[in-house]
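Inspection log for the structure reproduced underneath, given as structure tokens.
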Amino acid sequence: MSDDDEPIADREPHDPSGLDLARSVARAYRGGVTSQSSRRRGGRRAPSTPAKTSGAHPDDRDPQRLQTTINRLVAEHGWQTDVAVHAVFGRWEAIVGAAVAAHCRPDAYADSELVVRADSTAWATQMRLLAPTVVRRLNAELGDGAVVRIKVCGPQAPSWRRGPRSVRDGRGPRDTYG
């Protein structure tokens, strides 16, 4: 029997302030738990915060495109400049040209400084001379101030700490480069 089927005499008196309506809506929203004593007896416990109900309009709980989610993550963490600079790593040849890209490659980016590694000292010198031009091109693509400085590193010298030419105690003979 529903509330509408009960005789008028059996119903509770109507509260003109609307408090009884609010309580009945809250009871229905909590899943029908009517009093604290029923919760203590093992009834279903009311959630501490009301759950969001779904609707016809789009919201954050709907499935999202991966690109949209990644863009939001990048924006929330402030990674726009880092992502843009690392995208330049993929387009390095188009920015500096095929001849320079064959011998110099970007190695790292931190604190507005791009580290470029050259495969010979001659190309390291050439890249140092081209650095102001490359900085202008990078800032034109990425935004002003994204790259302030280019640090050019030459080739790494071989290590003689291990291998057939290493000496167990001391540094060994000095006539190798003499």
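The values are calculated or read from the model by the stated rules, or taken from the named source; none is laboratory data. Here the structure is a predicted model, which means the values were calculated and not measured. A quick note on method: Cβ atoms are made from the backbone with ideal geometry, for glycine too, and the neighbour counts reach across all protein chains shown.
Across the range 56-87, the qualifying residues are those that are of a type in the set (A, V, I, L, M), out of contact with any strand residue (DSSP E or B) (no Cβ under 7 Å at 6 or more places or on another chain) and in a helix (DSSP H, G or I), and the one among them that is surrounded by the most Cβ atoms within 10 Å (Cβ to Cβ) is Ala84.
A quick yes/no check of all residues on (1) modelled with pLDDT under 80; (2) in contact with a Gly (Cβ under 7 Å, 6 or more places away or on another chain); (3) over 30 Å from Val115 (Cα atoms):
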| position | (1), (2), (3) |
| --- | --- |
| Ile8 | yes, no, yes |
| Pro13 | yes, no, yes |
| Asp20 | yes, no, yes |
| Gly32 | yes, no, yes |
| Arg65 | no, no, yes |
| Gly90 | no, no, no |
